[in-house]
Amino acid sequence: MDFIPVNEPLLNGNEKKYLCECIDTGWISSEGPFVKEFEQKMSATVNRKYGIAVSNGTAALEVAAQALGIGEGDEVIMPAFTIISCAMAVTKLGAVPVLVDSDPHTWNMKVDEIEAKITPKTRAIMIVHIYGLPVEVDGILALAGKYGLKVIEDAAEMHGQTYKGKPCGSFGDISTFSFYPNKHITTGEGGMVVTDDEGLAERCRMLRNLCFRKDVRYVHDEVSDNYRFTNLQAAVGLAQLERLDEFVARKRAMGKYYTEQLSDIDGLILPIEKTDYADNIYWVYGMVLDRQIEADNKVVQKLLAEEGIGSRTFFWCMHEQPVYQKQGLFQGETYPDAEYLARKGFYIPSGLALTQEQMERVVAGVRKVVSRLVG
């Protein structure tokens, strides 16, 4: 019995054709023409004026935060339940993440708890759309306007998703994407910063390239990293972007199938299909164990693996990350809903290359494992 991975990308479009063009022309570095084309087409897809491709999604967040001038002692509000890249982009600059608990239904940050976290040190709010549904953006933009705060939108998981009909990645001062293999658009590794601000865009281009001075190469007034993105990656990204609508439809069909097949199982809380501002895009098909089940997500992951089915636990909360506890951050803080998601949430195979036969096996495996835990 073949093992079903939690994700397998779909690379049967023009990827090979465009990669061969890179090789045939010799353009494989960050100077190749596919890079600019991918930046232009990706930013246009999300209604942004400028796109700056970088080496990965973490780099995109780091470049975005640094470009906004976030620095020592500044506070940035973000969800407690997210990937550590969001907090790292802030702490690397000497700034402090300020955390907000999660909505147990959408799994996104509780917008109504943000205002109480704002202090004179608050510089920005980081929107992080989690797993398939966007954050309630309007409330955050209103707060940012009221208090004069910057907004970073992490749309890493939201390729093709919209909020009230507007593309995710089009909100706030600056937005970021990831093109890791489990994303709707992949370049293997890769990311992008998008913005409507020409000055911010120019600064991001400098920051991704070691901050070379414009007038004299190899002379640097600031410290930055090499976050460059290659022509080879851009070639793959362009081929993927050509099929974004198809990929979104495919993901939503997977989500619908899983929901239909798993909705009658006791002990599982499935992802909600829609809110009043968006239909779920099912970047991954996640679920949460009900409180009646004593086991945690690691037990489920082990049992599913025994059935030949890959899975992943949900993100671990920022305030419980050992690295930040060692630094003395978040002492005494607790975020009950985020903590519950981190311990009881997991997602099942939902990559774009998943077949109907594989999905049927996944459903049978989930049924078997959960019934064993409930019984």
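Rounded to the nearest 10 square angstrom, ASP296 shows an accessible area of 60 square angstrom against a 1.4 Å probe. For ILE281, the solvent-accessible surface with a 1.4 Å probe is about 0 Å², rounded to the nearest 10. Each residue of the stretch 159-167 is assigned a 3J(HN,Hα), and the resulting list reads 4, x, 7, 10, 10, 6, x, 9, x Hz, derived from the Karplus form 6.51 cos²θ - 1.76 cosθ + 1.60 (θ = phi - 60°), x at Gly and Pro.
How large is the helix-only mean residue ellipticity at 222 nm for the chain, computed as the sum of -39500 (n - 2.57) over DSSP H runs with n ≥ 4, divided by its residue count, in deg cm²/dmol to the nearest 500? Kindly include the intermediate steps, with their values, before the conclusion.
Numbers: 12 runs with 137 residues, N = 375.
After summing the helix terms and dividing by residue count, I get -11000 deg cm²/dmol.
Here the label points at GLU306 and ARG291, each 7 Å from Cα along the C-beta direction, are separated by 2.8 nm in the simple model.
Taking amide H as placed 1.01 Å from N in the peptide plane, the amide H of ILE4 sits under 5 Å from that of ILE309, GLY310, each at least 5 places away or on another chain. Think of the chain as a dipole: +1 on every Lys or Arg Cβ, -1 on every Asp or Glu Cβ, centred on the Cα centre; then among MET158, HIS220, GLN331, HIS220 lies furthest on the positive end.
For the stretch 273-338, which trypsin sites (Lys or Arg not before Pro) are both in a DSSP coil and crowded by at most 16 other Cβ atoms within 10 Å? Spell out each step's value before the answer.
Numbers: sites: LYS274, ARG291, LYS298, LYS302, ARG312, LYS326; in loops: ARG291.
Hits after loop and neighbour filter: ARG291.
In whole percent, how big is the carbon plus sulfur part of the accessible area of the chain, probe 1.4 Å, protein atoms only? Kindly include the intermediate steps, with their values, before the conclusion.
Details: 7990 of 16100 Å².
Carbon and sulfur together cover 50 percent of it.
Please figure out what share of the DSSP beta bridges in the chain is antiparallel and state it in percent, rounded to the nearest 5. Restricted to the chain, the bridges split so that about 60 percent are antiparallel.
Each of ILE269, LEU341, MET126 was placed along the dipole of the chain (beta-carbon charges, centred on the mean Cα), and the one lying farthest toward the positive end is MET126. Packing here is the average count of other Cβ atoms within 10 Å per residue, and on that basis the peptides 224-230, 175-181, highest first, run 175-181, 224-230.
Taking the Cα centre of the chain as origin, sum charge times position over the Cβ atoms of Lys and Arg (+1) and Asp and Glu (-1), and report the length of that vector in debye to the nearest 20.
For this selection, approximately 420 debye.
The values are calculated or read from the model by the stated rules, or taken from the named source; none is laboratory data. None of these values were measured; they are calculated from a predicted model. Note that each Cβ is placed from the backbone with ideal geometry, even for glycine, and that neighbours are counted across all protein chains shown. Surface accessibility is based on the protein's heavy atoms, side chains included, excluding ligands, DNA and RNA. Shrake-Rupley method; radii C 1.70, N 1.55, O 1.52, S 1.80 Å.
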